[in-house]
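Presented below is the structure to which this report refers.
Taken together, the values in this text are just the output of simple stated rules run on the coordinates, not laboratory data. What you are looking at is a predicted structure, and each value in this text was computed from that prediction instead of being measured. For neighbour counting, all protein chains shown are included, and Cβ atoms are generated from backbone atoms with ideal geometry for every residue, glycine included.
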Amino acid sequence: MLEDADVRGAAKWPFVFGAALLYFLPARSSLGPHPQRPMLIDVHNHFYPPAYLEALQAGDSTVELTIDADDNPCLHYPGDYNVAVRGHRDIDFRHAELEREGVDTQIITFTTPGTHVEPAERAVRFARLVNDAYATIVRERAPRFAALATLPLSDPAASVAELTRAVTSLGMRGAMVFSNVNGIALADPRFDALWAEADRLHAVIHIHPTNPVGVEAMTDYWLMPLVGFLGDTTLAAAKLVFAGVPERYPNITWILSHLGGAIPYLAERLDRGWEAFADCRTEISRRPTEYLRNFYFDTVNFDPAAVRLAVDFAGADHVLAASDYPHQIGSISKMKSSLAALKVTEAERKKILGENARALYNL
């Protein structure tokens, strides 16, 4: 039922409400998008390959794994745990869910705790296991699924090799990386070789948060995923820019999770810091926002006003539909309804729903 404010808004944005109904039509199995609605591509969602979960259950990991009352594996890490529901681990179930929800393609990715929490040898083995599983899913089920690689970030040299393998042998467009690696910033020089290889490959690098330094202050009320995640994404992006990583490696396409944390909101302050503090100008020749507006922002924030802020900051051509499915806090339906309510033109909405991702991932 439309609230009064929605009805008043309809006078200004008449195209939103009729067109919005189209986003709830089902997908057309493997035949492509539904002919009556725009293509919908979900760029932020997560899948645990069964072989990975089996390795954890066998005790071959530093990750604590428990089983809940519904027989779901639970993966624990500082300040949070993920309940691996059926959609996280059953690709047949997931495929059917996407058809029912009208999602044409998901870019599947790994998630926390990640492989970097393991010793280097095991991190490499787990990353290869995950990426090989993803490649099989894509090979058997495209166009419903594409994938980004995970990397054994605790071993930077091995991460370079795995990114190369994922892009050149497995056909992936790049990797999802975490906002810090066991407390080490992505801007740290030890990752320079990884960014150089990503630049050479013209790779997509999607930054996803993990538990930040200082997580001990966020262990109640789920504050770590609710607040800490967003802060760590913001910190990672700002530090990468001030450290000159996007300037040195201009061929990398950067994506920030959860609308970039607070980046669209704090961008002016970063520019003011660049003007005020000499230290903020040592590695970059332009204002921070000139780099950050080239980043992409996924829509795992289901407030249309917040999404609109990201659109105003970076443009509709740099915003990507995303659900965080099947996490407890994720929602395909809220992804769709928030983007249906977003006050943009229909051409801009189509870009956000799928056209941007289709071009970015060469789908």
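Selection over segment 258-290 of residues that are of a type in the set (Val, Ile, Thr) and touching a strand residue (DSSP E or B) at 6+ places or on another chain (Cβ under 9 Å) gives a count of 1. Scanning segment 141-165 for residues that are under 19 Å from Asn45 (Cα atoms) and not β-branched (Val, Ile, Thr) yields Arg141, Ala142, Pro143, Arg144, Phe145, Ala146, Ala147, Leu148, Ala149, Leu151. Only one entry of Val344, Val307 meets the criterion of being buried (at least 22 other Cβ atoms within 10 Å of the Cβ) and either in a helix (DSSP H, G or I) or touching a residue at least 12 places away in the same chain (Cβ under 8 Å) (or both), and that entry is Val307. When the residues of segment 291-332 are filtered to those that are among the aromatic types (Phe, Trp, Tyr) and under 17 Å from the mean Cα position of the chain (by Cα), the one that is farthest from Arg349 (Cα to Cα) is Tyr325.
Would you be able to say whether some residue in segment 94-111 is among the small types (Gly, Ala, Ser) and under 30 Å from Val213 (Cβ atoms)? Reasoning before the result, please.
Step one: list which residues in segment 94-111 are among the small types (Gly, Ala, Ser), which gives 96, 102.
Those left that are additionally under 30 Å from Val213 (Cβ atoms): none.
No, segment 94-111 contains no residue that is among the small types (Gly, Ala, Ser) and under 30 Å from Val213 (Cβ atoms).
Within this structure, Ala198 fails the test of being surrounded by fewer than 23 Cβ atoms within 10 Å (Cβ to Cβ) and either free of Cβ contacts under 8 Å to residues at least 12 places away in the same chain or more than 16 Å from the chain's Cα centre (by Cα) (or both). Scanning segment 82-98 for residues that are surrounded by 15 or more Cβ atoms within 10 Å (Cβ to Cβ) and in a helix (DSSP H, G or I) returns Gly87, His88, Arg89, Ile91, Arg94, His95, Glu97, Leu98.
For Arg190, are the conditions met, namely being over 26 Å from Arg269 (Cα atoms) and surrounded by 17 or more Cβ atoms within 10 Å (Cβ to Cβ)?
Numbers: over 26 Å from Arg269 (Cα atoms): yes; surrounded by 17 or more Cβ atoms within 10 Å (Cβ to Cβ): no.
For Arg190, the condition - over 26 Å from Arg269 (Cα atoms) and surrounded by 17 or more Cβ atoms within 10 Å (Cβ to Cβ) - is not met.
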